[in-house]
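In what follows, a structure is listed as structure tokens, so that the remarks can point back to it.
The values are calculated or read from the model by the stated rules, or taken from the named source; none is laboratory data. Here the structure is a predicted model, which is why all the values come from computation and not from measurement. All Cβ positions, glycine included, derive from the backbone under ideal geometry; neighbour counts span all protein chains shown.
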Amino acid sequence: MSKSDKSCIFVCSKKSGCGACGANKLAKNLKAEIKDQGLKKKYKVIECSCLGMCKLGVAALCYPENRLITKLGPRDAKYLLNRLSQEDSKDSELDIRPKKKQQKRQLKIVRKALG
């Protein structure tokens, strides 16, 4: 698997709201879970600024798949990886399609983080 095949999981954690909801701990646990499951070649975790989904709790955006999963907590690392591995299965409550304005913001965050 080449470096370009690696998916980036952006965790909204640099704002006080998400931080207070355990986003920093989720990112830390997610990195550990990826290591434990031997998925370092498949996923990279990047802590980022607001993804614009504050009303839906801590959010994670998997790019380039464009999967946005919300309502996450600090103990949801294993759950998140399981959700991302189920490509065909989308839970409409958790896998959402952001509005165009939010998509632009999220894409800007992704481009900035990836250089």
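List of remarks:
- Condition met for Lys14 (surrounded by 12 or more Cβ atoms within 10 Å (Cβ to Cβ), assigned to a loop (DSSP other than H, G, I, E, B) and modelled with pLDDT of 90 or more): no
- Any chance Asn29 is assigned to a helix (DSSP H, G or I), closer than 17 Å to Ile109 by Cβ and over 10 Å from the mean Cα position of the chain (by Cα): no
- Answer from Asp36, Asp5, Asp88, Asp95 - the residue that is modelled with pLDDT under 90, more than 23 Å from Lys112 (Cα to Cα) and out of contact with any strand residue (DSSP E or B) (no Cβ under 8 Å at 6 or more places or on another chain): Asp88
- Hey, Glu65 in a strand (DSSP E or B) and at pLDDT 70 or above or not: no
- Residue count for region 21-47, restricted to those that are of a type in the set (S, T, N, Q) and either free of Cβ contacts under 8 Å to residues at least 24 places away in the same chain or under 20 Å from Thr70 (Cα atoms) (or both): 2.
- Residues located in region 39-57, provided they are modelled with pLDDT under 85 and either more than 21 Å from Lys108 (Cβ to Cβ) or surrounded by 14 or more Cβ atoms within 10 Å (Cβ to Cβ) (or both): Ser49, Cys50, Leu51, Gly52, Met53, Cys54, Leu56, Gly57
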